[in-house]
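Each remark here refers to the structure printed beneath this line.
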Amino acid sequence: MPRDLRPKQTDGHQSRGTFVLFAGLAVLLLLIAAGCSTTPDQEPIIINGTVVAPVPTLDPARVALGEQVYAQYCATCHGADLEGSPNWRQPYPDGSYPPPPQDSSGHSWHHPDDLLLEIIAGGGDPTIGGTMPGFAEALSREEMEAVLAFIKSRWGPEERAFQWWASESR
């Protein structure tokens, strides 16, 4: 059963429930900061009425498939090590942007899964300088999800946690 971490109404005194709330949040933050992974058996956490499950472990087989697909379809633009183009934040003379890094130094981890998969499938938004082609015709949904799993495997624990919660809260 999920834990509800909303503060309980009290008469102004520190309650045991409030103490448990803050202690639990402190432990969760320490685990994230330490880079520890959570186990799938942990109870989900409810924050402001939204269930936020622990960050899932990435499937090694899916990550391996994603690495192969990434090498074939993505590395030419985004770099073999996910490093992106130099000066990726600076637009070209035509207003388009170079391919960004897909590692923790980029911004992909700021976006939820559904948006990242939409970009992989449909390409970059030209109204904001995106020139990435879409891969919906070339890749299956499974392959696109595998590429995303591979990219996530290269993010740090803080980026993974942020991106997971962004995906879960949508």
log₁₀ of I(q)/I(0) at q = 0.13, 0.20, 0.21 Å⁻¹ - segment 60-168, Debye sum with one point per alpha carbon
-0.44, -1.11, -1.23
Given the Cα-Cα distance of C77 and E168 and 0.36 nm per residue of separation, how much length would full extension add, in nm?
29.9 nm
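Based on the Cβ-Cβ distance from A53 to D94, what FRET efficiency comes out when R0 is 41 Å, to the nearest 0.05? Write down the numbers at each step before the final one.
Numbers: r = 43 Å, r/R0 = 1.04.
Working from the Cβ atoms, E equals 0.45.
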Can you run phi through the Karplus equation (6.51, -1.76, 1.60; θ = phi - 60°) for segment 55-66 and list ³J(HN,Hα) in whole Hz, with x for Gly and Pro?
4, x, 6, 6, 6, x, 5, 5, 4, 5, 4, x
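Throughout, read-outs are computed from the coordinates displayed, never taken from laboratory work. In this text, all values refer to a predicted model and were calculated from it rather than measured experimentally. Reconstructed Cβ throughout: ideal geometry from the backbone, glycine too, with neighbour counts over all protein chains shown.
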